[in-house]
Amino acid sequence: MLMLNMKPKSKEEISRLFLRSYDNDLDAAIAALKNAAVSAKKEKKTKLPDTPVVVKLENVSKQYKLGKQRVDALKDVSLEVREGEFIALTGASGSGKSTLLQLIGALDKPSSGSILVDGSNISKLRDAKLSEFRNKTIGFVFQFFYLQPFLRLRTNIEVPGMFARSHKRERREQAELLLEKVGLSDRSRHLPKELSGGQMQRAAIARALLNSPKILLADEPTGNLDSKNSHAIIALFESIRQTYGTTIIIVTHDSAIAAKADREITLADGELVL
């Protein structure tokens, strides 16, 4: 072991001392460095913020029927997400990522198990309460932008506020603030067909934020974008989290995007991969 009171004067001397601590066994020294790097990476990725749990799944399963066949989309999944976390859900197609996202967002109900989101057991809420919950607590961003083609951009952004019956002036002011946040103030009077793919996705993110949701759910939000726009969208997500403290859960196939999240949660055949 290296002595703490030793003060090497150069990188070369540090290297010699480190190697000497492993009896000049170069392979052992390299292996130790690799293990240290892996451990540091794991510690960085798995360290959870000191914030309340905002999403909690306990033994959640989801089955679908296709004719006479039963498909297990999720199997006994237990998971916690803390307020302000940026989570990436990864895995092969059909692994259960989108199903998990839909259950958290109350777009579907589990076959068994419980889901608590922001203190509400959404697996037991009736449809009317679920709609209210989604509108107030969850913001959705999808791979396909779903902007209304006949509405100007600012009006597209205001749509969630219309369903929430917020005051017209209030939602208009909020829409203008969000358009500025996503860099689209100069496009507020444009129709969706007059925007690029990256601009439409930024508009979709602004729309998802109109009602100030605590949780933003994004399903392959960069799937239709080039790499430049993809990185711009992820940078926008990071900025949103820093500005509003929003919890972000994103489904992605892109390993570079997943690497930017606080945690990467991988699914395979409907189960969490540890």
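Data overview
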{"item": "Other-chain or far-sequence residues with amide H under 5 Å of T266's (modelled H)", "result": "T90, V273"}
{"item": "³J(HN,Hα), Karplus 6.51/-1.76/1.60, whole Hz, each residue of the stretch 227-233, x for Gly, Pro", "result": "4, 5, 5, 4, 5, 5, 5"}
{"item": "Pair-distance profile P(r), taking every C-alpha pair of the stretch 65-106, with 10 angstrom steps and integer %", "result": "21, 53, 21, 6, 0"}
{"item": "Residue-wise HN-Hα coupling along the stretch 197-210, computed from phi with Karplus coefficients 6.51, -1.76, 1.60 (Hz; x: Gly, Pro)", "result": "x, x, 5, 5, 5, 4, 5, 5, 5, 4, 4, 5, 8, 4"}
{"item": "Listed residue pairs exceeding 31 Å between alpha carbons, taken from K68/K136; K75/K124; K65/K124; K75/K193", "result": "K68/K136; K75/K193"}
{"item": "Whole-Å distance, taken between Cα centres, linking the stretch 168-190 and the stretch 204-269", "result": "20 Å"}
{"item": "Computed E for Y64/K124 - FRET, C-beta separation, R0 25 angstrom, nearest 0.05", "result": "0.75"}
{"item": "Net charge, D76 excluded, C-beta distance under 10 Å - Lys, Arg +1, Asp, Glu -1", "result": "-2"}
{"item": "Global size of the stretch 53-273 as Cα Rg and Dmax, reported in angstrom", "result": "17.3, 53"}
{"item": "Alpha carbon convex hull of the stretch 160-274, volume per residue in cubic angstrom", "result": "132 Å³"}
{"item": "Potential lengthening between S93 and A256 on full extension [0.36 nm per residue; Cα-Cα distance subtracted]", "result": "56.9 nm"}
{"item": "Label point distance in nm, D186-M162, each placed 7 Å from Cα along Cα→Cβ", "result": "2.8 nm"}
{"item": "Placed amide H near V251: partners under 5 Å, 5+ positions off or other chain", "result": "L89, A218, D219, E220"}
{"item": "Amide hydrogen neighbours beyond the local backbone of G139, cut-off 5 Å, H modeled", "result": "I215, L216, L217"}
{"item": "Karplus 3J(HN,Hα) series, Hz, for the stretch 92-103 with 6.51 cos²θ - 1.76 cosθ + 1.60 (x for Gly, Pro)", "result": "5, 4, x, 7, x, 4, 5, 4, 4, 4, 5, 5"}
{"item": "Spatially proximal aspartates and glutamates relative to K62 (Cα-Cα < 14 Å; intrachain offsets below 8 disregarded)", "result": "D72, D76, D108, D269, E271"}
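Any read-out appearing in this document is the output of simple, stated calculations on the displayed coordinates, not a laboratory observation. Since the structure is predicted, the reported quantities are computational estimates derived from the model, not experimental observations. Cβ: placed from backbone, ideal geometry, glycine included. Neighbour counts: every protein chain shown.
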